[in-house]
Every structure is written in structure tokens, then in C-alpha cells.
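Written out below as C-alpha cells is the structure these notes cover.
The values are calculated or read from the model by the stated rules, or taken from the named source; none is laboratory data. None of these values were measured; they are calculated from a predicted model. Here Cβ is always computed from backbone atoms with ideal geometry, including for glycine, and neighbour counts include all displayed protein chains. Only protein heavy atoms, including side chains, enter the accessible area calculation; ligands, DNA and RNA are left aside. Shrake-Rupley method; radii C 1.70, N 1.55, O 1.52, S 1.80 Å.
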Amino acid sequence: MNQPTDILIIRHGQTAWNQLKRLQGHSDIPLNEKGRLQAVTLAGILRDEPLDAIFSSDLQRAYQTAHEIARMHHLPVLADKMFRERCYGACEGMRDEEIRDAYPQSYAAWYAADPDHFFPDGERKTESPRQFHHRALNAIKHAATRYAGKRIAIVTHFGVIETAYRTACGIPLGTRCKMPVLNTSINRFRWHDGTLQLLQWGEASHLEEAKKPPVDYYQHY
């Protein structure tokens with residue numbers, strides 16, 4: 001029997017596009033001032049957390065966040081493009097209402113959670129939710145099996161975290177998955193015998209946002 005891997009899956013710090021509610025996807029947007037402070041604060045919270053490896057999306061908003069944690073633990077950041085957010089093609093950089101007006105059919109499919117819908121290609125080829133789900137889950141599986149019996153952190157994006165949550169909770173593709181995912185919130189999972197288990201969701205005591213009334217965070221920002 002394989003040893004379980006404990007996994008902290010963490011969302012990156014805030015960016016200017018998060019603040020403006022613009023769809024980011026593969027667009028490589030850095031942390032803003034608040035995001036950098038969030039990352040430093042997060043690293044302090046995790047200072048005494050035993051970690052054997054720190055993985056990150058290769059996009060700078062995730063990598064910058066991971067770097068602060070890695071610096072505290074004297075570990076390298078293992079950057080991997082497989083942990084990127086879903087690619088949204090021509091819709092990256094747009095707000096909800098702009099997508100609705102420019103691409104009404106895509107907007108409707110998005111909110112209907114159509115698992116085989118593709119946004120229009122822009123500079124990059126888009127992914128369907130089904131393709132993205134398999135890509136993100138395989139990335140988590142690969143990291144977990146590589147460090148079997150260890151504790152690892154993965155700093156990534158809303159969509160990858162949603163994939164982990166959906167998988168652990170048995171929520172099928174094609175169903176809306178609605179849960180809060182604050183910037184730099186910590187979500188604890190365990191990978192064991194090919195199964196992902198949710199241990200603890202949404203640790204965010206280090207964030208001012210966590211003290212405010214809840215809002216709808218079902219957005220891929």
C-alpha cells in the first residue's frame with residue numbers, strides 16, 4: 001500500500017486583474033502590492049509547517065507567491081506549467097459583462113458549466129473544462145506520487161483548486177461547483193491509493209477578506 005501524501009493547495013496572491021475582476025487564464029499577470037503583502041504574510045503563517053517540496057504554476061503570480069514560502073523553508077520552487085489556470089483564449093483580460101456582450105453563447109455555456117465548451121481562441125489555444133480538469137488532476141497526481149509519504153505545497157490558481165475540490169467531493173463535471181477561494185487561502189488534501197481526500201478547506205485567518213461577509217467567489221479570476 002502506498003504511503004499518503006499530504007498536500008497544501010494554495011491560491012496565488014492578488015493581482016491587478018483580480019482586483020478589476022478580469023479573467024486571467026494563461027495571461028502572465030504579476031502580483032500587485034496587496035498580493036505581495038499577502039504572499040509574505042502567508043509565508044510567515046507557514047514558517048513552521050513541515051514541507052518537503054513546493055510546487056508552483058510557472059505563471060508569475062503563482063511563482064512569486066510560492067517563492068516567499070520557499071524562501072522561509074530554504075527549498076526551491078518546482079515550477080510546472082501543468083499547474084497553470086485554464087486557458088480562456090480571446091476572453092482573457094475581459095470582465096464578465098464584456099464576455100457576455102462579445103461572446104453571448106460562450107458566456108451562457110460557461111455559466112451552464114458545459115464541460116465540453118471552448119472559448120474562442122485568441123493568441124493561445126483554449127481548453128474545455130474537461131480537458132483542463134484532466135490536466136490539473138494529472139499534475140496533482142504526479143506531484144503526490146513523486147513525494148509519496150511526504151507533505152508538499154502547490155501554489156496555483158482558482159481552477160486547479162476547484163478541480164481538487166470537485167474531485168475530492170465527488171462533484172461531477174457539468175455541475176456548478178460553488179465555493180470560496182480567497183487569494184492565498186490554504187486548502188488541505190491527502191492523496192492516498194489514487195484517491196484525493198479533502199481534509200480542511202479555506203484557511204484564511206491571515207486575510208482581511210476572511211473577516212468580511214461572504215460573497216460569490218465562483219469566478220475564474
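When the residues of the stretch 178-192 are filtered to those that are part of a strand (DSSP E or B) and hydrophobic (A, V, I, L, M, F, W, C), the one that is farthest from the chain's Cα centre (by Cα) is 191. Residue selection: residue 107 fails the criterion of being open to solvent by 20 Å² or more (accessible area, probe 1.4 Å), out of contact with any helix residue (DSSP H, G or I) (no Cβ under 7 Å at 6 or more places or on another chain) and in a helix (DSSP H, G or I). Of the residues making up the stretch 25-37, one or more are part of a helix (DSSP H, G or I) and not charged (D, E, K, R). Checked against the criterion of being β-branched (Val, Ile, Thr), within 13 Å of residue 155 (Cα to Cα) and part of a helix (DSSP H, G or I), the candidates 41, 65 yield just one match: 65.
Applying the criterion of being surrounded by fewer than 22 Cβ atoms within 10 Å (Cβ to Cβ) and in contact (Cβ under 8 Å) with a residue 40 or more places away in the chain to the residues of the stretch 27-43, the residue that is farthest from residue 125 (Cα to Cα) is 41.
Given the criterion of a type in the set (Phe, Trp, Tyr) and at pLDDT below 95, identify the matching residue among 119, 132, 83.
Going through 119, 132, 83 in turn, the sole match is 119.
Restrict the check to the stretch 132-148 and report whether at least one residue is open to solvent by less than 40 Å² (accessible area, probe 1.4 Å), small (Gly, Ala, Ser) and outside any helix (DSSP H, G or I). Checked the stretch 132-148: no residue is open to solvent by less than 40 Å² (accessible area, probe 1.4 Å), small (Gly, Ala, Ser) and outside any helix (DSSP H, G or I). Residues of the stretch 16-26 that are without any contact (Cβ under 8 Å) to a residue 60 or more places away in the chain and either surrounded by 23 or more Cβ atoms within 10 Å (Cβ to Cβ) or among the small types (Gly, Ala, Ser) (or both): 16 alone.
For the stretch 72-93, residues that are out of contact with any helix residue (DSSP H, G or I) (no Cβ under 7 Å at 6 or more places or on another chain) and either touching a residue at least 12 places away in the same chain (Cβ under 8 Å) or over 22 Å from residue 146 (Cα atoms) (or both) total 11. Selection of the stretch 162-177 for residues being open to solvent by 40 Å² or more (accessible area, probe 1.4 Å) and assigned to a helix (DSSP H, G or I) yields 165, 167, 169.
Residue count for the stretch 61-86 under the criterion of being within 20 Å of residue 126 (Cα to Cα) and surrounded by fewer than 22 Cβ atoms within 10 Å (Cβ to Cβ): the result is 3.
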